[in-house]
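The structure appears right after this line, and notes come after that.
The values are calculated or read from the model by the stated rules, or taken from the named source; none is laboratory data. The structure displayed is predicted, hence computed values, not measured ones. Cβ placement follows ideal geometry from the backbone for every residue including glycine, while neighbour counts extend to all protein chains displayed. Only protein heavy atoms, including side chains, enter the accessible area calculation; ligands, DNA and RNA are left aside. Shrake-Rupley method; radii C 1.70, N 1.55, O 1.52, S 1.80 Å.
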Amino acid sequence: MRTITLINGDGIGPEISKSVMDIISASGLEIDWDIQTAGADVIEKEGIPLPERVLESVRRNKIALKAPVTTPIGKGFRSVNVQLRKELDLYANLRPCKNLPNVKTRFENVDIVVVRENTEDLYAGIERRIDDNTAESIKIITRNASERICKFAFDYAAKNGRKEVCCVTKANIMKLSDGLFLETYRNIAQNYPQIKQREILVDNLCMQLVQNPTQFDVLVLPNLYGDIVSDLCAGLIGGLGVAQGANIGTDCAVFEPVHGSAPDIKGLNKANPTALLLSAIEMINFIGEKSYAEKIEKALYKTLEAGICTADLGGSASTTDFTKAIIERL
Ligand code: ATP
């Protein structure tokens, strides 16, 4: 049996974690969950929101499923999410965005995978105030980081039957930094002749995405554009309740929904577990258990097709009703 770390989070985290564990267990896939608490709730006992034992558990098990974790603002703690990414060197942010049955959106048949570089660009945090009226931020793009993210995007495409990887930059203006990213993409692309190449400027991409998103397949982007475009794409498929994600490194991978811990609906049995479930499905695929991933995805789709969904998607099912309906369809 495979051991996987489960960071069950706070707010709605524990409720949606239970839902997802119940669904996976009902599918027949046996997982030994190494449950680790983190976030606001553990500060009182352990003094920090991300104790070392959580990092050790992910390092040991290599794979984690993570529910949302809140980092208290203004108390001097580093964001749990940022710290996890840094400590585990999770350099690739993966955001598959695919339309779901009965989830009303502007477009149908959107199926885009956003691959965002997670470690550098303007997020390197190199900023200074030069004087009262001027500040500067430095954008760092390195060949190493660009190479590994482009390679990740092409490998993902090859492994998942994707046809195209499109490189998104603003290399016409930032000729050196974005230019290096683009040059690296072109070099890496040569190793994958079976996958189509495409290059687009980020402003044009945004216009195309809101007019005709089904033309895109896999997108690979530096950190800042990736951050913005991945939220745009999440909006295309129905927003927070259904947006999944993963942060992947060389040794470890953490699968997690995009949404936060939704404290406003904590404990009300209203939370939508779909985004965490989709993250878990991606995780199950990642560990090579494709048949279980397909089985759970089918049960989720059938449930949504039957018009059963939580309030955030316009339905009336509680978290537990929705979970039960998926389990019945497995
Ligand atoms: P954070 O700072 O942790 O991102 P936030 O309040 O900005 O928190 P979310 O926690 O994602 O963002 O919540 C935004 C809104 O979306 C809230 O009204 C919340 O109830 C709703 N929401 C988020 N996730 C879900 C979910 N899984 N099911 C139902 N509603 C959700």
What is the helix-to-structure angle for 177-189, meaning the angle in degrees between its Cα long axis and the longest Cα principal axis of the chain, kept from 0 to 90 and rounded to the nearest 10? 70 degrees
Under a 10 Å cutoff between Cα atoms, tell me which one of S79, S230, S57 has the largest fluctuation in the Gaussian network model of the chain. S79
If you average over every viewing direction, what projected area does the convex hull of the Cα atoms of the chain give, in nm²? 17.8 nm²
The simple spin-label model distance between K266 and E30, using points 7 Å out along Cα→Cβ, in nm, is 3.6 nm
Taking θ as phi - 60°, what are the ³J(HN,Hα) couplings along segment 304-309 by the Karplus curve (6.51, -1.76, 1.60), each to the nearest whole Hz, with x for Gly and Pro? 5, 4, 6, x, 8, 7
Can you give the FRET efficiency for A306 and R59, using 1/(1 + (r/R0)^6), R0 = 35 Å, r = Cβ-Cβ distance, to the nearest 0.05? 0.25
Checking T274, T134, T142 against a Gaussian network model of the chain (alpha-carbon springs below 10 Å), the top fluctuating residue turns out to be T134
Using a Gaussian network model of the chain with C-alpha springs under 10 Å, which one of N204, N191, N133 is most mobile by mean-square fluctuation? N133
Which shape class, rounded, prolate or oblate, goes with segment 35-192 when its Cα gyration tensor gives a ≥ b ≥ c as root eigenvalues, a/c under 1.5 marks rounded, and past that a/b bigger than b/c marks prolate? oblate
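Taking the Cα centre as origin and putting +1 on Lys and Arg beta-carbons and -1 on Asp and Glu beta-carbons, what dipole magnitude results for segment 1-108, to the nearest 20 debye? Spell out each step's value before the answer.
Working: 16 positive and 14 negative charges, 103 e Å.
Taking the Cα centre of segment 1-108 as origin, the dipole is about 500 debye.
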Straight-line reach from K290: which lysines have a Cα under 17 Å away, not including same-chain ones fewer than 8 places off? K159, K298
State, to one decimal in nm, how far the label point of E164 lies from the label point of D251, with both points 7 Å from Cα in the Cβ direction. 3.8 nm
Net length gained if the chain between T214 and N109 were fully extended (0.36 nm per residue, minus Cα distance): 37.2 nm
With each pseudo-label sitting 7 Å past Cα toward Cβ, what's the K98-E52 distance in nm, one decimal? 4.1 nm
Just add up the charged neighbours of P14: K/R +1, D/E -1, any other residue whose Cβ is under 11 Å from the Cβ of P14. -1
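Relative contact order (percent) for the chain, with alpha-carbon contacts under 8 angstrom and 6 or more residues of separation? Write down the numbers at each step before the final one.
Values: 653 pairs, mean separation 76.0, N = 330.
Across the chain, relative contact order equals 23 percent.
Using the Kirkwood radius built from alpha carbon pairs, what does the Stokes-Einstein equation give as D for segment 37-107 at 37 °C and 0.692 mPa s, in µm² per second?
On the way: Rh = 14.3 Å.
For these conditions, the coefficient is 229 µm²/s.
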Given only helices, namely DSSP H runs of n ≥ 4 each adding -39500 (n - 2.57), what is the per-residue ellipticity at 222 nm of the chain, to the nearest 500 deg cm²/dmol? -12500 deg cm²/dmol
Cysteines without a disulfide-compatible partner [the chain; Cβ-Cβ under 4.7 Å]: C150, C166, C167, C206, C252, C309
P(r) histogram, all alpha-carbon pairs of segment 106-236 included - 10 Å bins from 0, percent: 13, 42, 32, 10, 3, 0
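Carbon and sulfur atoms: what percent of the 1.4 Å accessible area of the chain do they account for?
About 49 percent, which is the carbon plus sulfur part of the accessible surface.
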For K175, which lysines qualify as cross-link partners when the Cα separation must be under 24 Å and same-chain residues fewer than eight apart are set aside? K139, K151, K196
Relative to the compact-globule estimate 2.2 N^0.38 Å (N residues), the Cα gyration radius of segment 177-319 stands at a ratio of 1.23
Hey, what does the equivalent ellipsoid look like for segment 162-235, semi-axes from the Cα gyration tensor as sqrt of 5 times each eigenvalue, largest first, whole Å? 19, 17, 10
Taking Cα atoms, how many degrees apart are the long axis of helix 143-159 and the longest axis of the chain, rounded to 10 and kept between 0 and 90? 50 degrees
Rounded to the nearest 10 degrees, what's the angle between the helix 274-286 long axis and the longest principal axis of the chain, both from Cα atoms, 0 to 90? 70 degrees
Accessible area per residue, 1.4 Å probe, Å², for segment 106-236: what's the number? 51 Å²
So how much slack lies between D321 and R2, counting 0.36 nm per residue of separation and subtracting their Cα-Cα distance, in nm? 112.0 nm
